[in-house]
Structures are given as C-alpha cells and as structure tokens.
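Asker: Take a look at this one; I'll ask things after.
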Amino acid sequence: MDFYQVFQQYTWDEIRESIYQKTPQDVIRALQKSGKRDLEDFKALISPAATGFLEEMAQLSHRLTQKRFGKTIQMYVPLYLSNECQNICTYCGFSFDNKIRRKTLTEEEILQEVAVLKHMGYEHVLLVTGEANQTVGVPYLQKVIRLIKPYFSQISIEIQPLDQDEYEILVAEGVHAVLVYQETYHEEDYKKHHPKGKKSNFQYRIQTPDRLGKAGIHKMGLGVLIGLEDWRVDCFFTALHLRYLEKRYWQSTYSISFPRLRPFSGGLEPKVEMSDKELVQLICAYRIFDEEVELSISTRENEIFRDNIIKLGITSMSAGSKTNPGGYVVEPESLEQFEISDERSPQAIASVIQAQGYEAVWKNWDRLLQ
Ligand code: SF4
C-alpha cells in the first residue's frame, strides 16, 4: 500500500469537521501527554480551540526543539537554475502561460552564481528548477551536480517529481535531500490549480515521497502552499504523510516547510489567509507532534516574523535568497518566482541568530561521511 491508498481512506470534509470540533480539553490533553503525540493530538493543536494556548505551545515547542537540535539554526540558500516550465500553476510566476523570458543557466553562469554564494559563506545549497524535462531533466541535473559538488558540502534539490530509478541516479551523484511540496491535498482543487502539464497528475505527485524513500534518499522535504485551501486540513494531511513515511522509510530524515502564498507577477490571491499567529501555532504544533522533524523557514516571511520564530521550533533558514535564475549576479533583473520579504544579507541574519544565543550553522554534513 502506498500513501495514495492511505490518503483515500480519508475525506477532506470529515477531517475538517473533526479539527474544528476539537475542544480546549483536547488541546490540554495533547499538551500534557508524555511520549509521542498522535494525529488526534495534532488536530487539536492546529484547531481554533488551541489559539488560547499559544504561550504554552510556544514554551513546549522551544523546549523540545532545544532538546533535539540544541541552539542551532542551519543556513541554506536556493540557487535557481531555470525558469522554464511546462506546467500551468495558478500561483507561480514561472507558469507556462506567463509570458516571461525563459532562461536556463549555462555551466559558466552557474559558476558565477556559485562564486557569489561561496562569498556569502554558504555550504548548503538548494538547486531549484521549473518542470521542463527537455531542458532541466536528469542529464542536466547530473551535469550541474558534478560541476558544483566541489564547492558545497550539501546539495539539495527542488525539481520536477521523478521516477524511482531517476532519483537513484541523483542520489548516487550525491544529492542529499529532495523537496517536493504537495501544494494541496485537496484533490479536486489541486486539479484547478494545476490545469496543464505533468504536475496536474495528483496521484503521481502524492506518490513521489514513496519513490524517494525507495530510492534511498537521505532527507525529504514535505509541505503545502498555504493559502490555496484551508491550511488546517492541508497540514493535517502533511502530518499524516509524514508519519506514514517515517514508519515506512525510517532510514530517511524529514523536513517540513510552510510557505505562505506570496505576490508575484500576475498573481493569485490567497483563498484562505493565514495570520502570523496562526503560523506560529502551526510551527509549534508540528514540533510538539514530531520532535525529530526539521522545520524550515524561508525569506518569504518578513524580518520581524523570522526574528521572533528562531526560538520557537525552527531548525533551518535561508537568507540573502534570490528566486530568479541568475538572480545573484548573472541576470539580477529577471522575473522572480515570488517576491522575497526578508532581504537582509546572510551575515545580518547570522548576527540576529547569534544575538538570540543561537549558532548559525553553515555546514553540518560532510559528503566524506556518507
Ligand atoms: S510551481 Fe513549479 S511546476 Fe508550477 S509553474 Fe512554478 S515552477 Fe512550474
């Protein structure tokens, strides 16, 4: 049984109703529980009933995070390789129907971008592409990974979902982590947001982490795009997916991101707004639910929010990011995938982290140890 079959045993509306029916007593029970929390606890922690317990949740999340991860925040940076994409996604600036100039970095241009990232101090890089198999398929990625491997201790990718044998090739090349966001677990509305291209295949996408687990990936990143649907229900399914994967592919580690829909050229307005307080609630809920999972926050969020979230459960942060191919030096003016909110330099972010008594970690993994 793969996750799609597990997923089909649930209905969106029933899950939604059961989250909204949770009471303050359910929240207290989840907070006071010793040992691993279950999915009913998670529902209580993300429910409206938990909004009155934010302080208790924040304190517990802080303690659990420090116990498992110490006072550290891992630093990473995205490197956008291409904005070519065959998919139509209603929320993305790179969507096929968006009339922008398309660009895929050459090897020479990649090395120019890498030089800037190295100057910033980065050891962990996240390669990002659109979904265009002809230009940025596995052979292109293999070439890029071989090219930049000498410069980074950890290479992660956020690219089109692949078959298991293709992931095996990339794992053998040294890819450390693959991020593949489901965007939404609302199957019907998923199709509305992805009307054209390979990404419109909901089943193939939701089965991607299973293929990654079988391919032996070291780490996978999950998440949904917050704003497309009711975030509480979408995040319940993310937690369900996480727990399923952890049991099944226990050799892998996991991370979760919680991107909120950001403005972009020709952009979609969020269907459901999530407030800053609700995002804090969600981050704490994930941590209390799962003490092992890494929680990542990007520059989509603003400075004040990012500064205040450092102690509450986060384990990794990007900084100084550009979300356009060539954005660091080659073609800074090209269209971004979405607007950055926190534009401070990596060193400025590292200082903020240090001022809170935490260490900004640039390297926590060495390929020689693999
Ligand atoms: S979200 Fe990804 S797949 Fe969709 S249009 Fe943007 S780059 Fe392409």
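Asker: Taking the options S275, S252, S298, name whichever one is buried (at least 22 other Cβ atoms within 10 Å of the Cβ) and farther than 19 Å from F42 by Cβ.
Answerer: Details: S275 fails: buried (at least 22 other Cβ atoms within 10 Å of the Cβ); S252 fails: buried (at least 22 other Cβ atoms within 10 Å of the Cβ).
Of the residues listed, the single one that is buried (at least 22 other Cβ atoms within 10 Å of the Cβ) and farther than 19 Å from F42 by Cβ is S298.
Asker: Condition first: more than 25 Å from R63 (Cα to Cα) and in contact with a Phe, Trp or Tyr (Cβ under 8 Å, 6 or more places away or on another chain). Now tell me which residues in segment 296-325 satisfy that.
Answerer: Matches in segment 296-325: R300, K322, T323, N324, P325.
Asker: Another question about this same structure. Among the numbered criteria (1) farther than 21 Å from L279 by Cβ; (2) in a helix (DSSP H, G or I); (3) not polar (S, T, N, Q), which single criterion is violated by H176?
Answerer: (2)
Asker: Something else now. Can you tell which of E246, E183 is within 16 Å of E291 (Cα to Cα) and modelled with pLDDT of 95 or more? Don't jump to the end; show me each part of the working.
Answerer: Details: E183 fails: within 16 Å of E291 (Cα to Cα).
From the options E246, E183, the qualifying one is E246.
Asker: What are the residues in segment 254-269 that are in contact with an Asp or Glu (Cβ under 7 Å, 6 or more places away or on another chain), at pLDDT 95 or above and either more than 18 Å from A215 (Cβ to Cβ) or not small (G, A, S) (or both), if any?
Answerer: Listed by number, the list holds a single entry, Y254.
Asker: In this structure, does M75 turn out to be in contact (Cβ under 8 Å) with a residue 40 or more places away in the chain and in contact with a Pro (Cβ under 9 Å, 6 or more places away or on another chain)?
Answerer: When the stated conditions are applied, M75 passes them.
Asker: To continue, here is another question. For I304, state whether it is part of a helix (DSSP H, G or I), among the β-branched types (V, I, T) and free of Cβ contacts under 8 Å to residues at least 24 places away in the same chain.
Answerer: Judged against the criteria, I304 is a match.
Asker: Oh, and also: Assess whether Q9 counts as being away from the ligand (no atom under 16 Å from the Cβ) and surrounded by fewer than 13 Cβ atoms within 10 Å (Cβ to Cβ).
Answerer: So Q9 passes the test.
Asker: Sticking with this one: Restricting the first residue to segment 79-98 and requiring it to be of a type in the set (V, I, T), which pairs with a second residue that is more than 7 Å from the ligand (Cβ to nearest atom) and not in a loop (DSSP other than H, G, I, E, B) meet a Cβ separation below 7 Å and a spacing of at least six or different chains?
Answerer: I88/K196; T90/H193
Asker: Mind listing whichever residues of segment 227-253 are of a type in the set (G, A, S) and more than 17 Å from R211 (Cβ to Cβ)?
Answerer: Listed by number, the residues that qualify are G227, A239.
Asker: Please state which one of L127, L141 is in a strand (DSSP E or B), within 20 Å of H218 (Cβ to Cβ) and either within 22 Å of the chain's Cα centre (by Cα) or at pLDDT 95 or above (or both).
Answerer: Going through L127, L141 in turn, just one is in a strand (DSSP E or B), within 20 Å of H218 (Cβ to Cβ) and either within 22 Å of the chain's Cα centre (by Cα) or at pLDDT 95 or above (or both): L127.
Asker: Still on this structure, please answer the following. Quick check, is E336 surrounded by fewer than 16 Cβ atoms within 10 Å (Cβ to Cβ) and part of a loop (DSSP other than H, G, I, E, B)?
Answerer: Spelling it out, it is not the case that E336 is surrounded by fewer than 16 Cβ atoms within 10 Å (Cβ to Cβ) and part of a loop (DSSP other than H, G, I, E, B).
Asker: Looking only at helices (runs of 4 or more DSSP H) that fall completely inside segment 183-299, which ones have 1 or more residues that are among the polar types (S, T, N, Q) and touching a strand residue (DSSP E or B) at 6+ places or on another chain (Cβ under 9 Å)?
Answerer: Counting at least 1 such residues, we get 208-214, 231-248.
The values are calculated or read from the model by the stated rules, or taken from the named source; none is laboratory data. Nothing here was measured: the structure is a model prediction, and the numbers come from that model. Cβ: placed from backbone, ideal geometry, glycine included. Neighbour counts: every protein chain shown.
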